[in-house]
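A quick write-up on the structure given underneath.
The values are calculated or read from the model by the stated rules, or taken from the named source; none is laboratory data. Just so it is clear, the structure is predicted and the values come from calculations on it, not from any experiment. Neighbour counts run over all protein chains shown; Cβ positions are idealised from the backbone, glycine included.
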Amino acid sequence: MKLYAYRNCPYSRRVRIALAEHDVEYDYVELDPDAPHPEELVGKTPMKKGVPVLLVRDDFVLWDSTAILYWVDSAYPRSLLPSQREPQALAYAWSGFGMKLYGKMKKVLAGGDDAAAAEKAIVEALTTMDPVVGNAWLVGSEISIADVTLAPVVAILSQKAVEKLPEKVRAWAGRVRARPSVREVCESDHTEGSRPSHAA
Ligand SMILES: N[C@@H](CCC(=O)N[C@@H](CS)C(=O)NCC(=O)O)C(=O)O
């Protein structure tokens with residue numbers, strides 16, 4: 001299985017964190033989102049460029065992070081999707097909330113004039129979570145796609161920004177930032193190569 005992704009792309013990071021949580025082995029191929037797709041993908045998606053794309057087999061290619069997350073969830077053990085109807089619906093809601101912050105996350109990572117304002121906007125959005133954040137993960141006692149979707153955003157915040165978060169959100173953000181899958185994906189310079197199944 002091959003994942004075409006880009007190191008600073010939040011959608012790619014979301015997929016990579018989920019694959020790490022599921023302990024899935026795959027080959028990672030760094031692909032500039034604005035570069036044309038390689039021959040191997042041409043004619044297998046409705047796009048000519050863009051990431052992430054998961055090539056499962058030559059005749060099964062997934063090109064959307066949400067579809068990839070759901071497919072991986074049903075194809076591998078250890079679900080990140082709550083099985084109960086209500087927590088599952090909440091996990092979808094949090095995923096939507098998280099993805100709305102991806103544009104701001106990209107601006108922070110890009111640096112430049114907009115970066116500080118983008119980080120401030122992320123802190124403001126995360127602050128609104130305070131009344132609904134509990135002592136564990138966003139939905140229930142296990143990490144879910146809700147946390148995984150917000151993780152790329154939470155992981156790139158400066159320490160100063162984290163300190164501005166209200167207490168409960170800050171504690172949750174600390175759990176997310178300390179998660180091995182999140183550190184592996186968001187802190188490393190690792191790009192090309194294969195991601196072996198977890199040894200540690
Ligand atoms: N809905 C897609 C969005 C992915 C996305 O916007 N990726 C960006 C890079 S972070 C991209 O490929 N942009 C170039 C393009 O879409 O052509 C998903 O969830 O995977």
Residue in the range 144-155 that is in contact with a Phe, Trp or Tyr (Cβ under 9 Å, 6 or more places away or on another chain) and of a type in the set (Asp, Glu) present: yes
Top-ranked residue of the range 77-105 - restricted to ones that are free of Cβ contacts under 8 Å to residues at least 40 places away in the same chain and not in a helix (DSSP H, G or I), ranked as surrounded by the most Cβ atoms within 10 Å (Cβ to Cβ): SER79
Lone unmet requirement of (1) among the hydrophobic types (A, V, I, L, M, F, W, C); (2) within 14 Å of ASP147 (Cα to Cα); (3) near the ligand (Cβ under 9 Å from one of its atoms) for CYS9: (2)
Test: residue in the range 92-102 that is under 24 Å from ILE156 (Cα atoms) and away from the ligand (no atom under 16 Å from the Cβ): yes
Test: residue in the range 20-28 that is touching a Gly at 6+ places or on another chain (Cβ under 8 Å) and either outside any helix (DSSP H, G or I) or within 9 Å of the ligand (Cβ to nearest atom) (or both): yes
Which numbered condition ARG78 fails, given (1) under 27 Å from VAL132 (Cβ atoms); (2) modelled with pLDDT of 95 or more; (3) of a type outside the set (Asp, Glu): (2)
Of residues in the range 128-149 being touching a residue at least 12 places away in the same chain (Cβ under 8 Å) and loosely packed, with under 13 Cβ neighbours inside 10 Å, the one nearest to the ligand (Cβ to nearest atom): GLY134
Hey, VAL108 at pLDDT 95 or above, touching an Asp or Glu at 6+ places or on another chain (Cβ under 6 Å), in a helix (DSSP H, G or I) and not basic (Lys, Arg) or not: yes
Index of the failed condition, PRO33 passing every other in (1) touching a residue at least 24 places away in the same chain (Cβ under 8 Å); (2) surrounded by 17 or more Cβ atoms within 10 Å (Cβ to Cβ); (3) within 10 Å of the ligand (Cβ to nearest atom): (2)
Those residues of the range 48-76 which are part of a loop (DSSP other than H, G, I, E, B), surrounded by 13 or more Cβ atoms within 10 Å (Cβ to Cβ) and within 14 Å of the ligand (Cβ to nearest atom), in sequence order: GLY50, VAL51, PRO52, TRP63, ASP64
